[in-house]
């Protein structure tokens with residue numbers, strides 16, 4: 001069943017099909033699977049009209065003159081269409097520019113740790129790197145407006161240029177590819193939209209393990225050599241008691257980066273949980289050797305020693321943690337159990353009093 005095109009996409013499609021000279025677009029389909037992977041990988045939803053357009057046209061631009069006028073011009077000249085036009089991003093450009101903004105958490109709080117919600121869709125005629133963007137549709141009642149970022153201005157000055165992507169496409173055609181963004185009214189800023197629509201709160205919502213698995217599986221499809229993706233998915237599998245899948249992912253993470261102690265720590269926890277405490281100890285040893293000041297790794301090894309009834313070694317690790325942090329609750333709890341196992345009830349009781357004092 002053919003999906004009905006948004007009105008302005010339909011008009012635009014007719015212009016491209018008619019061979020309108022200044023409409024230069026990559027007229028081939030992006031697969032639904034590619035777009036789905038992008039959305040799943042980053043926990044976002046593209047607006048419906050933009051998604052429809054992206055699947056139909058993999059990027060392009062409306063030029064000031066016929067393309068044949070630019071034959072002898074290099075792409076470095078300011079009049080060249082790739083620099084002079086509103087260049088709508090193709091799929092790869094969307095992914096690349098999105099991930100660049102995501103790395104900077106642009107317009108998000110410094111401590112933001114959610115699914116980055118800002119999606120760049122178009123490069124404006126090149127001056128200072130301006131572009132147009134929309135917000136993820138996740139949690140919105142309707143489609144995101146299109147906002148303009150004018151390079152060099154404060155982030156709060158990003159302003160709305162169209163109610164949604166379909167409207168922006170109409171604006172683009174109305175002005176023959178060059179809408180007067182600089183002269184448009186600035187009655188609504190991106191920051192207003194962020195506050196009014198709880199963008200940060202929605203993007204920061206904690207993910208379930210199932211969603212983490214889906215997202216990281218998609219990210220792995222896009223970035224198969226990023227070790228942390230396997231680690232994150234492996235931990236989510238472990239939380240869901242899928243221990244064999246978890247172990248496979250941690251093995252892959254270590255294969256890709258054998259110097260990251262967290263990978264050994266997590267693999268040790270998985271092995272300890274369902275296989276062998278003795279084998280888990282090997283991974284905890286490696287983690288501690290790679291980062292000998294990590295309270296977490298030392299505590300994990302102490303716990304493993306305790307389970308193997310190697311109480312003196314367990315006590316040494318707990319003491320090391322408490323030298324680093326004399327109020328470490330995990331290490332105190334473990335040391336209490338170790339003291340009781342060693343028959344040191346007086347020392348255990350002293351630690352219980354100390355623990356009560358810290359907690360209260």
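What follows is calculated from the coordinates using simple rules that are stated; it is not laboratory data. Being a predicted model, the structure only gives us computed values, none of them experimental. A quick note on method: Cβ atoms are made from the backbone with ideal geometry, for glycine too, and the neighbour counts reach across all protein chains shown.
Which FRET efficiency, nearest 0.05, do residue 67 and residue 33 yield, Cβ-Cβ r, R0 35 Å? Display every interim value, and only then the final one.
On the way: r = 31 Å, r/R0 = 0.89.
Efficiency, from the Cβ-Cβ distance: 0.65.
Across the Cα atoms of the chain, what radius of gyration and what greatest pairwise Cα-Cα distance (Dmax) are found, in Å?
Over the chain's Cα set, Rg and Dmax evaluate to 27.6, 90 Å.
So between residue 112 and residue 197, what do we pick up on full extension, going 0.36 nm a residue minus the alpha carbon distance?
On the way: separation 85, 0.36 × 85 = 30.60 nm, distance 1.66 nm.
28.9 nm is the gain from fully extending residue 112 to residue 197.
Between segment 175-254 and segment 333-360, what's the alpha-carbon centroid distance in Å?
43
Once every DSSP H run of n ≥ 4 in the chain is given -39500 (n - 2.57) and the sum is divided by its residues, what mean residue ellipticity at 222 nm do you get, rounded to the nearest 500 deg cm²/dmol?
So the helix-based figure for the chain works out to -16500 deg cm²/dmol.
Does anyone have the angle between helix 345-359 and the longest principal axis of the chain? Alpha-carbon axes, 0 to 90°, nearest 10?
30
Using a Förster distance of 35 Å, how high is the FRET efficiency between residue 240 and residue 10, based on the Cβ-Cβ distance and rounded to 0.05?
0.20
Mind ranking 71-83, 212-224, 161-173 by how tightly packed they are, going by the mean number of other C-beta atoms within 10 angstrom, highest first?
Result, highest mean Cβ count within 10 Å first: 161-173, 212-224, 71-83.
Just to check, using Stokes-Einstein with a Kirkwood Rh over alpha carbon pairs, what's the diffusion coefficient of segment 209-359 at 10 °C and 1.306 mPa s in µm²/s?
Result for D is 97 µm²/s.
Looking at the chain as a GNM with Cα springs under 10 Å, which of 346, 288, 94 has the largest mean-square fluctuation?
346
Based on the Cβ-Cβ distance from residue 77 to residue 20, what FRET efficiency comes out when R0 is 35 Å, to the nearest 0.05?
0.90
Hey, rough spin-label estimate for residue 279 and residue 248, points 7 angstrom out along Cα→Cβ, what's it come to in nanometres?
1.6
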